[in-house]
Structure formats: structure tokens, C-alpha cells
1. Select from segment 49-87 the residues that are aliphatic (A, V, I, L, M) and part of a strand (DSSP E or B) and list them in ascending order.
2. Pull out all pairs, ordered by first then second residue, where Cβ-Cβ is under 7 Å, the residues are six or more apart or on different chains, the first lies in segment 38-62 and is of a type outside the set (S, T, Y), and the second is part of a loop (DSSP other than H, G, I, E, B).
3. Which members of segment 22-31 meet the condition of being under 16 Å from E43 (Cβ atoms) and buried (at least 18 other Cβ atoms within 10 Å of the Cβ)?
4. Those residues that are within 13 Å of E18 (Cβ to Cβ), surrounded by 12 or more Cβ atoms within 10 Å (Cβ to Cβ) and not charged (D, E, K, R), I need them from segment 45-62; list them, please.
5. Modelled with pLDDT under 95, charged (D, E, K, R) and surrounded by 10 or more Cβ atoms within 10 Å (Cβ to Cβ): is that true of E18 in this structure?
6. Answer yes or no as to whether V82 is surrounded by 16 or more Cβ atoms within 10 Å (Cβ to Cβ), of a type in the set (V, I, T) and touching a strand residue (DSSP E or B) at 6+ places or on another chain (Cβ under 9 Å).
7. Among the numbered criteria (1) surrounded by 12 or more Cβ atoms within 10 Å (Cβ to Cβ); (2) at pLDDT below 95; (3) farther than 14 Å from L15 by Cβ; (4) not hydrophobic (A, V, I, L, M, F, W, C), which single criterion is violated by Q77?
Amino acid sequence: MTSTALLSPTSGELLAAEIRVSPKHLEDILEALASATFPINPELDHTVPALTRVRFPIYDSQLASLREILAIAGFTQSQLEVHSLATELSY
């Protein structure tokens with residue numbers, strides 16, 4: 001795979017988002033993500049002790065909306081990590 005950005009003509013670069021929450025906040029984060037006006041299909045990873053990683057692809061044009069959703073639901077911006085999907089796929 002090349003390092004060329006994955007693009008959509010209208011949505012921008014496709015990125016990988018990750019939010020880490022304690023298991024007791026998992027339902028809250030999933031409910032918050034379900035309120036998005038765009039589809040989010042999260043992958044859950046419980047391998048990190050005392051944390052659940054919620055991972056999903058997102059277009060860069062949707063990031064501002066995602067950050068707003070997280071803030072309204074009471075999550076901090078530091079819980080959100082975003083990086084190139086190409087990096088995510090290269091492992």
C-alpha cells in the first residue's frame with residue numbers, strides 16, 4: 001500500500017480515530033457516537049488493562065462534529081487520538 005492519503009471527493013482524508021475509556025464508560029461513549037449524523041462502526045478492544053479502546057474510521061471533515069459530540073457527552077479531547085488510516089493499515 002502506498003502512503004497516499006485515502007480520499008473521498010467530498011469528505012477529505014480517511015483517518016483512524018481511537019478513544020480510550022474505562023469499561024464503566026463504554027456504554028456512554030457508544031451512545032454518544034450513535035448520536036453522530038454520520039455512520040460510525042466502532043471496533044472494541046479490551047486488551048489494554050482497565051481500558052477499552054473504541055476504534056473507527058472517520059473522514060477529516062467529520063472531526064469537528066466528533067469533537068463536539070465528545071464534549072457534549074462529557075469526554076475530554078485528550079481521550080481522542082486521530083492518525084492516518086494508511087499508518088493503521090501498515091502494521
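The values are calculated or read from the model by the stated rules, or taken from the named source; none is laboratory data. Just so you know, these numbers come straight off a predicted model, no measurement behind them. So basically every Cβ, Gly included, is an ideal-geometry build from the backbone, and we count neighbours across all protein chains shown.
1. Here is the first cut: in segment 49-87, the residues aliphatic (A, V, I, L, M) are 50-51, 54, 58, 63-64, 66, 69-73, 80, 82, 85-86.
V54, I58, L80, V82 - these are the residues of segment 49-87 that are aliphatic (A, V, I, L, M) and part of a strand (DSSP E or B).
2. Pairs found: A50/S22; L51/S22; V54/P42; R55/P42; F56/I40; F56/N41; F56/P42; Q62/F38.
3. Initial filter on segment 22-31 (under 16 Å from E43 (Cβ atoms)): 23, 26, 29-30.
Matches in segment 22-31: I29 only.
4. Within segment 45-62, L51, T52, V54, F56, P57, I58 qualify.
5. Details: modelled with pLDDT under 95: no; charged (D, E, K, R): yes; surrounded by 10 or more Cβ atoms within 10 Å (Cβ to Cβ): yes.
No: the conditions fail for E18.
6. Values: surrounded by 16 or more Cβ atoms within 10 Å (Cβ to Cβ): no; of a type in the set (V, I, T): yes; touching a strand residue (DSSP E or B) at 6+ places or on another chain (Cβ under 9 Å): yes.
Judged against the criteria, V82 is not a match.
7. Result: Q77 passes all but (1).
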